[in-house]
């Protein structure tokens, strides 16, 4: 922490509550809530791009999904996960005792992730974090410049594989998986699994996790997450992540990231419109544009720093009452993240209140807003009576 530059803004943004930096809780809370919008098409269906009934509201919601939310909040969550290594270690950055403690945390996180992926939702991210966590220890005492360089390299690998899948299928997949992995046919359709018994649901999740989780780890999951985690470690060491820089710094960060990222994002969205059968036809644009993945995803990555800087500019202007409620969501990030999956399994499978894979983005946004309200209220109420969220307490207890 001696490397951090203190100034007027740090008194407002990097507020400390005992051993917590409240600005990081605020970022984590916004990230968890924001990730729900990005994840909800996969909780409620099998495609983010599909629009069943293209009209004005569903198309605008679809565009907002890609323009504002998709791949904008997970990078922030990854950065915070990387920074948490320093928060957990404190001054104990060279201790084998801390390394053992951290590896226990990652092992427990892996168990939670596997349970989450198989019992609730194959889109789980905890497995990826648990796999990346031990690698972060190797970078713990590395210089900021090296953290950024390695982070950018890992992200570039992710972007390259996303645009040219052959880079993965002809190399990593051939070495690790193709000679022995056989996914086999799906035991049912997604709709049949969600409308069937819980056994049907588990069979479908087990089949889907083969390629959504395990073979996807070296494909697109690890490179993206590890890249942002290392960048998050660098930003924490320089004080950027906590909000310790002045207002002008974050304004420049916001401006430059918007100028660099927005053109790439807009091109990528136009490319997505062009190949979308329903949205493209509705908007009258059906052209196939090249480099649709790498432009869109590069734009998203750059604009995640716009979100980060924008949040640090907004945070000091918020009332303490509202900021505290969002911080509460962040303090219970693990519990709130798992709650999303529990809730949607109850809605789409257990009680079948809504048929799976039938909602458009405007309808999903309404559900998201309701969930946001519930989580903001419940997180604040819970932390008035307990120090941690239930899953956070279990994780800490098991690792200690």
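Bear in mind these aren't lab numbers, they're just calculated from the coordinates by the rules spelled out. It should be emphasised that the depicted structure is a prediction, and the values quoted were computed from it without experimental measurement. Here the Cβ positions follow ideal geometry from the backbone for every residue, glycine too, while neighbour counts run over all protein chains shown.
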Item to complete: State the dimensionless ratio Rg/Rh of region 86-130 (Rg: radius of gyration of Cα atoms; Rh: Kirkwood radius).
Response: 1.14
Worksheet item: Rounded to a whole number of µm²/s, how large is the Stokes-Einstein D of region 107-262 at 37 °C and 0.692 mPa s, given Rh as the Kirkwood radius over C-alpha pairs?
Response: 182
Practice prompt. Taking the Cβ of each residue in 116, 312, 94 as the centre, tally the other Cβ atoms inside 10 Å and list the residues starting with the fewest.
Written response: 94, 116, 312
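Give, in whole angstrom and from largest to smallest, the semi-axes √(5λ) of the equivalent ellipsoid of region 180-286, with λ running over the eigenvalues of the Cα gyration tensor.
Output for region 180-286: semi-axes of 38, 25, 13 Å.
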Practice prompt. Using only the C-alpha atoms of the chain, find the volume of their convex hull and express it per residue in Å³.
Written response: 152
Worksheet item: Anyone know which of 158, 182, 92 comes out most mobile in the 10 Å Cα GNM of the chain?
Response: 182
Practice prompt. Stick to Cα atoms and the Kirkwood definition of Rh, then tell me Rg/Rh for region 131-215.
Written response: 1.13
Worksheet entry | residue 285 paired with residue 169, simple spin-label distance in nm, labels 7 Å along Cα-to-beta-carbon | 2.8
Worksheet item: Once the piece of chain linking residue 373 and residue 385 is laid out straight, how much longer is it, given 0.36 nm per residue of separation minus the C-alpha distance between them?
Response: 2.4 nm
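To the nearest 0.05, how large is the calculated FRET efficiency for residue 52 and residue 141 if R₀ is 60 Å and r is the Cβ-Cβ distance?
Rounded to the nearest 0.05, the efficiency is 0.70.
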Worksheet, complete the sentence: A student applying the Cα gyration tensor rule (rounded when a/c is under 1.5; otherwise prolate if a/b is larger than b/c, oblate if not) would label region 230-345 oblate
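Set the Förster distance to 56 Å, then compute FRET efficiency between residue 211 and residue 248 from the Cβ-Cβ distance, nearest 0.05.
0.75
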Worksheet entry | Helix-only CD estimate at 222 nm, as mean residue ellipticity for the chain, using -39500 (n - 2.57) per DSSP H run (n ≥ 4) | -22000 deg cm²/dmol
Fill in: Hydrodynamic radius (Kirkwood) for region 315-355, which is based on Cα pairs only, to one decimal in Å
12.0
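What's the FRET efficiency of residue 322 with residue 88 using the Cβ-Cβ distance as r and R₀ = 41 Å, to the nearest 0.05?
0.90
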Fill in: Pairwise label distance in nanometres, residue 111 with residue 68, each label 7 Å out on the Cα-Cβ vector
4.0
Response to the item:
Tilt, helix 222-238 to longest principal axis of the chain (alpha-carbon atoms), in degrees rounded to tens, equals 20
Practice prompt. Could you pull the Cα extents of region 20-60 along its three principal axes, largest to smallest, in whole Å?
Written response: 46, 22, 11
Worksheet item: What's the Kirkwood radius of region 56-169 in Å, using all Cα pairs?
Response: 16.6
